[in-house]
Amino acid sequence: MLNTLTAALTCCLLLTIPAHTFSLPPILTSNEDHDHQKPIKHPKHHPPLDIPFIGLGLWNSKGSDATHAVDAAFGTGYIHFDSAAAYSNEEYVGSGLTNVSIPRSSYWITSKLWNTAHQPSLVEPALRKTLSDLQTPYLDLYLMHWPVAFVPNPPKGRNSIIDQDTSILNTWRAMESLVHKNLTRYIGVSNFSPRQLDTILAACKTEKGGICPYAHEFETHPYLQQTEFVEWHLKHDIKVIAYSPLANLNPTYNGTHSDVPSILEDPFWQDLAANKSITVPQAVLGWGIQRGTVVIPKSVHAKRIKENLGAVDVNFTGLEMARIAEEDRRVRFNDPTKGWGVEPPLFEGLDGGSNRFVVEQEEL
């Protein structure tokens, strides 16, 4: 029997990095079941890569800074890059990716579908644009960036008109075809509420050819731990990708919850890091990895990119993990609900959302 969320519910390879060419896979016209799709080929001696537990986040990496960040990350040992069309830098990210000498199958690329491309006919063109910009023949993971559809090509000055006629299921079914066509290895979601995730799971588990989410990317960090939500995903073999894993260090959050100290200046984390002779970012990221999430810290500074990678060697005792759990402030920094006029609100049923998280089970 299958368990689902109900409406109320809610390592790194050291690589040194020379150029590769790419071509997009042909469009497949067959609607055959995904069990019979022609899979993306990998070298026989190199099994398909699973998502590494740490990656370079590329949000807010502007222009050539994104290229340099990718170069620095590859040189340090990263093999995981988290991108998105909405970051408006994928051409620059692609320039960095073309400098690598290792096989494409040896590193992981995630990107995301933006809200204006949710209509089914726009989904594949959006991904093909991303593949062209990134100069790669396929993605490892393609996420629905938000569970919100915007009207494409809105009037000037109105960038977030809600498309009431396009549902998340409409978009998800179009994304499933991207896997069948070998444009991406996996698909997933981002910023979904339990109710919205349940909608996808109920469909993908019962429909012929359905493909369920490989991963869910959402905000989680020591100030917004969402432990029950994280553990539910891990129990059901859905990877959790933690964006903003360093909490409020993202400059986009300046002025949001100003009563909460920068995590770099939080005495609890300063003491914990000092006791282990590591930096606060390494401690925070190490906690994220140890709890089973994939962390994607962002930076365009080579020194910090290297520093963050040190988190893979951090370990906490059970007592330390319990103490960290007590530091949860249930504070969410990224919530565009009001600005977008979304109803029901985003993150319904979650900490920092409209109500608390409740776990229930239902048989399909």
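Return the long-range amide H neighbours of ILE241 (sequence gap of 5 or more, or a different chain), with a cut-off of under 5 Å between placed amide H atoms.
Counting only residues 5 or more places away or on other chains, the set is HIS216, GLU217, PHE218, VAL294.
For segment 75-92, just list the computed ³J(HN,Hα) in residue order, Karplus coefficients 6.51, -1.76 and 1.60, θ = phi - 60°, integers in Hz, with x standing in for Gly and Pro.
Values per residue, Gly and Pro as x: x, 7, x, 6, 9, 9, 10, 10, 10, 6, 4, 5, 6, 6, 9, 5, 5, 6 Hz.
Pull up all non-local amide H partners of TYR186: gap of 5 or more, or a different chain, and H-to-H distance under 5 Å with H placed in the peptide plane.
Counting only residues 5 or more places away or on other chains, the set is LEU141, TYR142.
Taking the Cβ of ILE263 as the center, what net charge do the other residues with Cβ under 12 Å away carry, scoring Lys and Arg +1 and Asp and Glu -1?
With Lys, Arg at +1 and Asp, Glu at -1, the net is -2.
Going by amide H atoms built from the backbone, whose H comes under 5 Å of the H on LEU113, apart from near neighbours?
Excluding prolines and chain starts, which carry no amide H, the hits are LEU143, MET144, HIS145.
Please compute the modelled spin-label separation between LYS303 and PHE268, points set 7 Å along Cα→Cβ, answer in nm with one decimal.
With each label point 7 Å from Cα toward Cβ, the separation is 2.9 nm.
Longer than 22 Å from Cα to Cα, which of LYS62/LYS303; LYS181/LYS235; LYS112/LYS298; LYS62/LYS181; LYS112/LYS156 are they? Say none if no pair is.
Details: LYS62/LYS303 18 Å; LYS181/LYS235 29 Å; LYS112/LYS298 16 Å; LYS62/LYS181 31 Å; LYS112/LYS156 24 Å.
Violating the 22 Å Cα-Cα cut-off are LYS181/LYS235; LYS62/LYS181; LYS112/LYS156.
Any read-out appearing in this document is the output of simple, stated calculations on the displayed coordinates, not a laboratory observation. Bear in mind the structure is a predicted one, so any value in this text is a computation, not a measurement. Cβ: placed from backbone, ideal geometry, glycine included. Neighbour counts: every protein chain shown.
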